[in-house]
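Peer 1: Here it is: the structure, laid out below.
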Amino acid sequence: MDLSQKMVDLGRKSSKIREIFEYSKRRKAEIGAENVFDFSIGNPSVPAPKAVEETMRRLLAEQDPVLLHGYTAAAGDPEVRRKLAAAINRDYDADARGELMYLTCGAAASLTISLNALVVPGDEVIVFAPFFPEYRVFAEQAGARLVVVPSRPADFQPDYEALERSVTPRTKAVIINSPNNPTGVIIPASGLSRLAALLRAREEEYGKRIYLIADEPYRKLVWTGEEVPYPTRYYDDTLVCYSFSKAASLPGERIGYILVSSAMKNAADVYAAICGAGRALGFVCAPSLLQFTMAECADETADFSIYRKNRDILLRELTRIGYEVIPPDGAFYLFMKALEPDADAFYERARKYELLLVPSDSFGCPGYVRIAYCVTTEQIRRAIPAFEKLYEEYQK
Ligand code: PLP
């Protein structure tokens with residue numbers, strides 16, 4: 001075949017999440033949407049903030065359309081980047097600089113650009129299981145070997161002892177995701193400090209840089225009053241990958257950024273590599289209307305109080321029924337132990353009750369399912385009897 005077999009395979013074999021999402025659409029057409037309990041995909045179910053829509057309307061009415069819809073600088077409009085960096089500094093007391101920010105089409109683009117900027121042949125990229133399955137696709141496509149380090153079974157925090165054993169002179173980057181997809185776990189300041197100390201020690205020992213890639217699309221979705229520490233304040237060699245997809249309910253608009261820490265000694269070179277990777281991948285000039293809109297709406301979030309309510313109901317009801325779940329601190333996912341070791345088999349059995357849960361194998365952590373609760377509370381309430389019946393089936 002005169003095509004890239006790797007790409008044909010990637011294109012043919014959609015992710016398990018997408019596969020279930022597609023099944024859900026077919027099933028809803030068959031038996032009615034209200035009878036299918038689709039917990040498969042992390043697609044926000046609340047509208048974007050009013051201010052976003054109003055800002056877009058105002059810009060469309062008032063701005064010169066040629067400028068508004070035109071190309072910006074490849075890295076994004078400088079004034080937009082300055083405003084977004086200022087918002088970060090206000091919110092997190094950080095030292096973000098617009099000239100070290102690269103605007104992207106969401107966190108997926110932020111991650112692929114960052115990995116392509118950093119990775120050279122022979123490099124390893126470390127992730128903690130369970131992890132967002134696309135990390136494997138992004139890291140391997142950039143030419144790295146993905147090294148999977150487990151989390152601690154008790155609290156699903158990164159297993160730092162296992163990390164110590166896994167960092168080698170080939171390690172180029174460690175990806176963290178807090179709050180986490182699929183567990184909702186937040187890495188506290190103590191965890192970040194420990195991670196930073198470990199990486200700094202290895203940087204010295206090996207005489208090379210090891211980068212921390214903080215994938216943070218869920219940063220603002222927090223349920224427990226816990227703080228999500230800002231990673232550049234803990235570790236100099238950090239790249240923050242942010243996205244407005246989740247907290248601002250704008251996943252289809254494709255807007256986010258990469259922020260290179262200003263404390264990084266070789267920040268200028270890393271930023272140049274980010275610009276180069278963006279160019280090589282064709283990810284230049286993120287959508288202009290969204291750039292200008294988010295510059296005015298950096299701190300706006302959707303009213304996602306419903307996710308909090310859903311989380312509380314699910315946590316209470318699933319525990320009451322007898323399921324073992326990880327209480328999520330943030331994001332809109334709940335990680336639940338499957339009632340048999342084979343999560344795929346459990347997924348199939350749940351499907352008989354129209355419960356669409358994502359088996360955890362592709363997250364690198366078998367034996368669980370992920371429940372995306374960014375759905376209506378009505379769906380949660382209606383699904384509880386189905387969870388009960390599923391549990392009863394396993395007690396027979
Ligand atoms: N990273 C994580 C952990 C995610 O869960 C997602 C989307 O679900 C992404 C990145 C990609 O987000 P975006 O829509 O901003 O590309």
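The values are calculated or read from the model by the stated rules, or taken from the named source; none is laboratory data. In this text, all values refer to a predicted model and were calculated from it rather than measured experimentally. Note that each Cβ is placed from the backbone with ideal geometry, even for glycine, and that neighbours are counted across all protein chains shown. Just the protein is used for accessible areas: all its heavy atoms, side chains included, with ligands, DNA and RNA removed. Shrake-Rupley method; radii C 1.70, N 1.55, O 1.52, S 1.80 Å.
Peer 1: What order, most packed first, do the peptides 206-217, 143-154, 59-70 have when packing is the mean number of other Cβ atoms within 10 Å of each residue?
Peer 2: Per-residue mean Cβ counts within 10 Å order the peptides as 206-217, 143-154, 59-70.
Peer 1: With a 1.4 Å probe and all protein chains left in place, how much accessible area per residue does segment 323-394 have, in Å²?
Peer 2: 35 Å²
Peer 1: What accessible area per residue comes out for segment 218-278, rounded to a whole number of Å², with a 1.4 Å probe?
Peer 2: Heavy-atom accessible area per residue stands at 31 Å².
Peer 1: Taking only Cα atoms of segment 140-187, what ratio of Rg to Rh do you get with Rh as the Kirkwood inverse-distance radius?
Peer 2: So for segment 140-187, dividing Rg by the Kirkwood Rh gives 0.99.
Peer 1: Sticking with this structure for a sec: Give me the Å³ per residue figure for the convex hull around the C-alpha atoms of segment 67-153.
Peer 2: Looking at segment 67-153, the number lands at 142 Å³ per residue.
Peer 1: Additional query: Please report Rg (one decimal) and Dmax (integer) in Å for the Cα set of the chain.
Peer 2: My reading of the Cα-based Rg and Dmax gives 21.2, 68 Å.
Peer 1: Pull up all non-local amide H partners of Ala286: gap of 5 or more, or a different chain, and H-to-H distance under 5 Å with H placed in the peptide plane.
Peer 2: Here Gly76 satisfy the definition.
Peer 1: Suppose R0 equals 25 Å. What FRET efficiency, 1/(1 + (r/R0)^6) with r the Cβ-Cβ distance, do Ala51 and Asp93 give to the nearest 0.05?
Peer 2: Computed FRET efficiency for Ala51 and Asp93: 0.55.
Peer 1: Sorted by mean Cβ packing within 10 Å, highest first, what order do the peptides 234-243, 251-260 take?
Peer 2: Those peptides, ordered most packed to least, come out 234-243, 251-260.
Peer 1: Please work out how much length the chain gains when fully extended from Ala263 to Lys208, using 0.36 nm per residue of separation minus the C-alpha to C-alpha distance, in nm with one decimal.
Peer 2: Gain on extension, Ala263 to Lys208, equals 18.2 nm.
Peer 1: Here is a follow-up. Going down the table (Lys309/Lys389; Lys6/Lys220; Lys28/Lys246; Lys50/Lys309; Lys309/Lys337), which pairs top 28 Å between alpha carbons?
Peer 2: Lys6/Lys220
Peer 1: How big is the antiparallel share of DSSP beta bridges in the chain, given as a percent to the nearest 5?
Peer 2: Approximately 50 percent, going by the DSSP bridge assignments.
Peer 1: Ok, one more. Considering amide H positions built from the backbone, and no H for Pro or chain starts, which residues 5 or more places from Val149, or on another chain, come under 5 Å of its amide H?
Peer 2: Val127, Phe128, Ala129
Peer 1: Each label point is 7 Å from the Cα along the Cα-to-Cβ direction; what then is the distance between the points at Thr224 and Leu68, in nm?
Peer 2: Roughly 4.4 nm, to one decimal.
Peer 1: Pick from Gly184, Gly122, Gly367 the residue whose mean-square fluctuation is largest in a GNM of the chain, springs joining Cα atoms under 10 Å.
Peer 2: Most flexible of the set in this elastic network: Gly122.
Peer 1: How big is the gap, in Å, between the Cα center of segment 14-62 and the Cα center of segment 344-385?
Peer 2: 17 Å
Peer 1: Further question on the same structure: Work out, step by step, the length gained on full extension between Arg58 and Ser190: first 0.36 nm times the residue separation, then minus their alpha carbon distance; give nm to one decimal.
Peer 2: Value of the extension gain: 43.1 nm.
Peer 1: Quick one: grab the alpha carbon gyration tensor of segment 199-307, order the square roots of its eigenvalues as a ≥ b ≥ c, and give me rounded if a/c is under 1.5, else prolate or oblate depending on whether a/b is larger than b/c.
Peer 2: Judged from the Cα gyration tensor, segment 199-307 comes out oblate (a/c at least 1.5, b/c at or above a/b).
Peer 1: Roll a 1.4 angstrom probe over the protein heavy atoms and tell me the percent of accessible area of the chain that is carbon or sulfur.
Peer 2: Carbon and sulfur: 51 percent of the exposed surface of the chain.
Peer 1: Still on this structure, I have one more. Just order 273-279, 375-381, 344-350 by mean Cβ neighbour count inside 10 Å, highest at the front, would you?
Peer 2: For the peptides 273-279, 375-381, 344-350, the packing ranking is 273-279, 344-350, 375-381.
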